[in-house]
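Below: one structure, written as structure tokens.
The values are calculated or read from the model by the stated rules, or taken from the named source; none is laboratory data. Just so it is clear, the model here is predicted, and its values are computed rather than measured. Because the Cβ atoms are built from the backbone with ideal geometry, glycine has one as well, and the counts that use them run over all protein chains shown. Accessible surface is based on the protein model in full, side chains and every heavy atom, while ligands, DNA and RNA are left aside. Shrake-Rupley method; radii C 1.70, N 1.55, O 1.52, S 1.80 Å.
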Amino acid sequence: MANPLRTFASLYSTTLLTVLAGGLLTTYLGLRLSVMHVPQLWIGGMMSAYYIGLVAGSKIGHRLIAQVGHIRAFVASAGIVAASALGHALVDELAVWLLLRLIVGMGMMCQYMVLESWLNEQAESSQRGTVFASYMIVSYFGLILGQGAISLYPELGLEPLLLIAICFALCIVPISLTRRIHPAPLVPAPLKIAHYWRKAPQALTTIAIGSMIVGSFYGLAPAYASNLGLPPEKVATYMTATILAGLLAQWPMGKLSDIMSRSRLIRINCVLLGILALAIALTPYHPTLSLVMTFLFGILGFTFYPLATALANSRVEQSERVGLSATILLTFGLGASIGPLIASTLMQWLGNSMLYGFMSACTLILFLRLRYVHSQQKAETNVTQDYIMATGDLVSSPLAAALDPRVDVESVQEQMTPILCDDEDDLGADALEDNDTDSEQQLTFEFDVNPEPTFVEAETNNLEESDLGAVKTA
């Protein structure tokens, strides 16, 4: 069995350089605008424009890849993104920067689509988990390097923009020289948003509000730390600690979600994150304590997305997962676009600490919504299980299954085997919301470790799992 790191070395190298440049650009712009004493609303608008670009880029990228192929689409997108990054050095007009940020989001979405559709198609079924876990590790590592690179240029001059453009230029080289077979053209997936919201309301609500938290952090945390008086190198350390925590938390949280109900785990996560965010907002800055608290924030905040994605995939059939993934992408992009705008407005009106105050309020709203949906599903389950109509004793008896020639005897024995449950209260909504005993669905969480969405319209008809990537981490 071939080593995935060696098999997809060129794609992983391209991913590393792409994510490094994207993460560095996000942090640089946040710090640069803060140094320029730009109103917080503009900083939030910059981040919102990026996520709007991600959503719009999904359609544009799909058409571009279908017309010219994966490599040409990637090269064209990388060139546009590099030129847009350098454009910040030529023009100081904020409206132009907002447009450039939108273009960067569209171009990077196309790049992610190329990489992830390529990996998804050519990864063997037996190695799919390893391939995408490695992809996410490389993505997080690129983000960490991007945060660290800003500390090399504390003056925030043109050097970071030059480094960003260099990385976007070099990311073309590995994918252009790869000897891998080109993937097949993308196949469009139908998008039925209302259908998926009815089938997985808890999961999609978590993605919507969780993306508001993640988008606000990535867009405004550099400005928040800078307003505390931290130099760029300390801001880079602050961001790195949070992202590193998000990376380290993925595997343990995945294992924990296999042990207990994911819907309950999300609610626990929500309560803990709300308390922590409120504590950060109210506690004066302390070098060591703030790093510890933001590390814990990364553990809780960056695991909402993979938990919710795994939960959503456990609620749909295999044939519906491509459309579900597109719905998840759209939900994440819209939430991440709205979150920074609201948070930046509150920061401008009520002070710097309102970044984490807004996040704490988001967790409260999310918890109340999850409890309401949970109680509704539990009530519906109890109603449907109270009484079952039958036309006769034989029909209502388990013996009827044994006498029915259409039923397999072994499956009847399996279904008639009693199942013990430690918590009878969770036989309702949590059992309906989760199917954690399904090994295929358990693997879904291990693939979907990023707090930011990937485009899954790129998946082909031979899709076997939902392989969301790291768009939410960009």
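Every listed requirement among (1) more than 27 Å from residue 55 (Cα to Cα); (2) in contact (Cβ under 8 Å) with a residue 40 or more places away in the chain is met by residue 276 save one, (2). The lone criterion from (1) within 27 Å of residue 327 (Cβ to Cβ); (2) open to solvent by less than 30 Å² (accessible area, probe 1.4 Å) left unmet by residue 241 is number (1).
Do you know which of the residues in region 355-371 that are open to solvent by less than 50 Å² (accessible area, probe 1.4 Å) and of a type outside the set (Ser, Thr, Tyr) is farthest from residue 212 (Cα to Cα)? Ranking the candidates gives 370 first. Residue selection: residue 177 fails the criterion of being at pLDDT below 90 and under 30 Å from residue 268 (Cα atoms).
Summed over region 311-346, the residues that are under 23 Å from residue 224 (Cα atoms), open to solvent by 10 Å² or more (accessible area, probe 1.4 Å) and not polar (S, T, N, Q) give a count of 5.
Among 184, 169, which is the only one that is at pLDDT 85 or above and not polar (S, T, N, Q)?
Being at pLDDT 85 or above and not polar (S, T, N, Q) holds for just one of 184, 169, which is 169.
If you check 254, 148, 219 for being among the small types (Gly, Ala, Ser) and open to solvent by 10 Å² or more (accessible area, probe 1.4 Å), only one passes: 148. Residues in region 258-310 that are open to solvent by 30 Å² or more (accessible area, probe 1.4 Å), part of a loop (DSSP other than H, G, I, E, B) and within 20 Å of residue 373 (Cα to Cα): 1 in all.
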